[in-house]
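Below: the structure, in structure tokens.
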Amino acid sequence: MAGSEKRFSIGYALAPKKQQSFIQLSLINLAKERGIDLIKIDADKRLIDQGPFDCVLHKLYGDDWKNQLKEFSVENPNALIMDSPEAIERLHNRISMLQVVSELKIGAEREATFGIPKQIVIYDAKTLLDPCSWEGLKFPVIAKPLVADGSAKSHKMSLVFNRDGVSKLKPPIVLQEFVNHGGVIFKVYVAGEYVQCVKRKSLPDVTEDKLESLEGSLTFSQVSNLTANEKSDDKYYKMMHLEDAEMPPQSLINEISKGLREAMNLHLFNFDVIRDSSVGNQYLIIDINYFPGYAKMPQYETILTNFFWDILHKKDSIIDDDLTNEGNKSDDSGKISTRRRSFDDGSRKCVTNIVSEDGDGS
Ligand SMILES: Nc1ncnc2c1ncn2[C@@H]1O[C@H](COP(=O)(O)OP(=O)(O)OP(=O)(O)O)[C@@H](O)[C@H]1O
Ligand SMILES: O=P(O)(O)O[C@H]1[C@H](OP(=O)(O)O)[C@@H](OP(=O)(O)O)[C@@H](O)[C@@H](O)[C@@H]1OP(=O)(O)O
Ligand SMILES: [Mg+2]
Ligand SMILES: [Mg+2]
């Protein structure tokens, strides 16, 4: 079938800033060469009136958008929704976001271990000021807004050194123990089966003596997302040498990525990992983000185009198989061989269950 390869279209619905960084001409052109047209979804029109799309790629918030996706899925049952809004929503709350890490079952026999820092959630001021609620949590702690909805507010954090810093906090918040990690954070980008781990600068360690001299709390926002210029203005960042930091074991990163991808039913996300300096081989996951800044990865155009190509062709072969199998779901020998797609509240997942039962055991 050379020369007559089928073309696919992906509609994208992204906030202006995301669109600007992600939808580069280089990505559009590479995808086009591989038979994939990236088409902007007009946010001022109903989604259902646009298309046709083989896939809808999106990072938008709100019930109206969720309803539009649902409506679109009903009308276009073969279109992929990348990813399902219900699956994405798990990442909009910093408790449910990390709960999934605690549930991962990954091969026990390895030198490195992984988990999440100790944390509690505080919903109101009364609980915040009650010392009993803090029991078991050690200073310093990071106070993070409970909601992670992409707003500037949801990225505003405080590093709290002692009780004096507590009263200023505004619940609902998650209080997470600050773990010294040598000022280096690992960001793991996942796009389907593709995994890339990069190093970024993080918050510096807080030593015991520093802790005693520091007052109350310190606020900050998106440290690992600062531009090179912003970092080089700072004395601390000038001292840091990212090259010297050892990477986490690749096999561990791959296993966590696969475990998270499957457990969350998401294809596009990244997660932040730190290495506990006091232990050495203990890795902690502190944040998971839906559809992160892929454009920061070198060669992101190739990585994302390959990913799009894979999911579109996988979807297409499932549909072709379904059509071929229509007539032989149950033949005379009693063998049943069919493929069943999973749906999640009306939106299609990319998961396929293959059901095959041998009636006669042959
Ligand atoms: N438990 C922790 N111990 C030590 N440092 C932490 C911890 N939690 C967060 N940090 C530091 O604070 C930064 C911001 O935290 P986090 O990643 O949770 O916020 P975010 O606003 O969701 O970030 P992103 O821009 O990646 O979405 C991290 O990149 C890291 O430098
Ligand atoms: O552009 P967006 O609004 O999606 O910003 C995302 C940002 O990507 P960008 O580089 O494209 O800004 C991500 O950076 P990296 O982890 O990849 O460094 C991370 O900060 C996400 O948390 C942000 O998503 P949000 O949490 O705000 O929804
Ligand atoms: Mg983060
Ligand atoms: Mg985040």
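Candidates in segment 31-41 are the residues that are open to solvent by less than 50 Å² (accessible area, probe 1.4 Å) and outside any helix (DSSP H, G or I); of these, the one that is farthest from I303 (Cα to Cα) is I41. Count of segment 42-88 residues, restricted to those that are in contact with a helix residue (DSSP H, G or I) (Cβ under 8 Å, 6 or more places away or on another chain) and in a helix (DSSP H, G or I), is 11. Kindly establish whether V188 is in contact with a helix residue (DSSP H, G or I) (Cβ under 7 Å, 6 or more places away or on another chain), among the β-branched types (V, I, T) and assigned to a strand (DSSP E or B). The answer is yes for V188. Total residues in segment 154-183 satisfying the condition of being surrounded by 20 or more Cβ atoms within 10 Å (Cβ to Cβ), part of a strand (DSSP E or B) and either without any contact (Cβ under 8 Å) to a residue 40 or more places away in the chain or out of contact with any helix residue (DSSP H, G or I) (no Cβ under 6 Å at 6 or more places or on another chain) (or both): the figure is 6.
A Cβ distance below 7 Å, combined with a sequence gap of six or more or placement on separate chains, defines the contacts here; from segment 275-291, residues that are charged (D, E, K, R) reach residues that are within 10 Å of ligand 3 (Cβ to nearest atom) and part of a strand (DSSP E or B) in the pairs D287/F271; D287/D272.
One line per residue, one yes/no per condition, for (1) open to solvent by 20 Å² or more (accessible area, probe 1.4 Å); (2) out of contact with any Gly (no Cβ under 7 Å at 6 or more places or on another chain); (3) part of a strand (DSSP E or B):
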site	(1), (2), (3)
S257	no, yes, no
R261	yes, yes, no
F271	no, yes, yes
S278	yes, yes, no
I285	no, yes, yes
A295	yes, yes, no
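Within segment 110-135, take every residue that is of a type in the set (A, V, I, L, M, F, W, C) and under 22 Å from D164 (Cα atoms) and give me the one that is modelled with the lowest pLDDT. Out of the qualifying residues, it is W134. Filtering segment 140-153 to residues that are open to solvent by 20 Å² or more (accessible area, probe 1.4 Å) and touching a helix residue (DSSP H, G or I) at 6+ places or on another chain (Cβ under 7 Å) leaves P145, V147, D149.
Take D316 and tell me if it is touching a residue at least 24 places away in the same chain (Cβ under 8 Å), more than 16 Å from ligand 3 (Cβ to nearest atom) and open to solvent by 60 Å² or more (accessible area, probe 1.4 Å). No.
The values are calculated or read from the model by the stated rules, or taken from the named source; none is laboratory data. Quantities reported herein were computed from a predicted structural model and do not represent experimental measurements. Counting neighbours? That spans all protein chains shown, and the Cβs are built from the backbone with ideal geometry, glycine included. Accessible surface is based on the protein model in full, side chains and every heavy atom, while ligands, DNA and RNA are left aside. Shrake-Rupley method; radii C 1.70, N 1.55, O 1.52, S 1.80 Å.
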